[in-house]
Amino acid sequence: MSQWPDSRITELFAVELPLLQAPMAGASGSHMAIAVARAGGLGALPCAMLTPEKIDQEVATFREHTGNAPLNLNFFCHQPPAHDAERAERWKQSLKPYYEELGADFDAPTPVSNRAPFDSDSCTLIERLRPEVVSFHFGLPQPSLLDRVRATGAKIISSATTVEEAIWLEQHGCDAVIAMGYEAGGHRGLFLSDQLHTQVGTFALVPQIADATSIPVIAAGGIADGRGVAAAFVLGASAVQVGTAYLFCPEASVSALHRQALHDATSSQTALTNLFTGRPARGIVNRIMREAGPISPLAPAFPLAGGALMPLRAQAEKLGSSDFVNLWAGQAVGIKHQLGATELTRQLAENALKILSPR
């Protein structure tokens, strides 16, 4: 498959196909990355919720089954917030009726919801594991850490939700930029502003970033079939990053409740919410999103908001309910399939090329 109109990403990452698997924390791991790599795409491992030991295991598994295939390790770059006891108490009080309804212990200590930001220890891990690509969410780490990553030879990419963020990422040394549209599932990558009104759709964002930067653009958000891949290339992308479509694959590590919600949902049943972590993320609308938000000013700063919801989620899941579960998914959730990740990756490429290079 050499007919791609832009080969910058395949050359930069040394992959056959300009298709990246989105690093979806809690929903994908080495099995998914292996399957995508076997098809010629770029597999990814989300590291923000993993211990260093688990990252070691996952990378070793990937290497064992793929040989020299390139791998993307993904990290968050947020600043851990100071604990605000008053805000945390207001948030938990707002959830008290649900505790009473479900029989959860309201007076028990609130569990800690955490995501590890990229730090010096993460850098040491990169220096030892030497992934071919390192991607970041919520901007970039401090320059001294970024220099250490670059010194390993890894290509560096990060997500931009606006043209301004894309320009900033190029100026700060990214080799490529992910143009993350409003449609995308999971956490917004926004970092220069916390204003949701700055968010635009993928197919409005991609050509503007392509015009404003000189580095390759990777389109992300609302792309779940060959038509979306082809459209991204027509608008100036050099590759696409696919997330939600991979959640339907058997390699996805989503719960049974999440998988059922994916199969039942339509594209109009997702929304941005800050209830589960404290940062806006797109997921399938459920009871807590309808009744408390989906955006609540009471929710503590990222990533602390999820702690008070953990007991509710546990109780609800025992009853077979996803009322308090973060069901991350993008607006392309209505485009469903029954394929494995290897087959899906190949199908996305083949169908896109039929459109881009008709015979």
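The values are calculated or read from the model by the stated rules, or taken from the named source; none is laboratory data. Remember, predicted model here, so these are calculated numbers, not experimental data. Every residue, glycine among them, receives a Cβ derived from its backbone with ideal geometry; neighbour counts consider all protein chains shown. What goes into the accessible areas is simple: the full protein's heavy atoms, side chains included, and nothing from ligands, DNA or RNA. Shrake-Rupley method; radii C 1.70, N 1.55, O 1.52, S 1.80 Å.
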Report task. Kindly indicate whether A308 is farther than 25 Å from I223 by Cβ and open to solvent by less than 10 Å² (accessible area, probe 1.4 Å). Result -> yes
Query raised in the report: Which condition number does K318 fail, the rest of (1) of a type outside the set (A, V, I, L, M); (2) open to solvent by less than 60 Å² (accessible area, probe 1.4 Å); (3) without any contact (Cβ under 8 Å) to a residue 40 or more places away in the chain being met?
Result: (2)
Requested in this report: Would you point out which residue out of V163, V149, V177 is at pLDDT 95 or above, open to solvent by less than 10 Å² (accessible area, probe 1.4 Å) and farther than 17 Å from A239 by Cα?
Outcome: V149
Report summary line: Here the qualifying pairs (Cβ atoms under 6 Å; residues six or more apart or on different chains; first in the range 20-42 and closer than 16 Å to R188 by Cα; second open to solvent by less than 20 Å² (accessible area, probe 1.4 Å) and assigned to a loop (DSSP other than H, G, I, E, B)) come out as A22/G243; M24/G243; A25/A48
Query raised in the report: Only one of (1) closer than 25 Å to P141 by Cα; (2) in contact with a Pro (Cβ under 8 Å, 6 or more places away or on another chain); (3) not acidic (D, E) is not met by A22, so which one is it?
Result: (2)
Query raised in the report: Mind checking which pairs have a first residue in the range 74-99 that is within 30 Å of I126 (Cα to Cα) and a second that is in a helix (DSSP H, G or I), Cβ under 7 Å, 6 or more apart or different chains?
Result: F75/S122; P81/L304
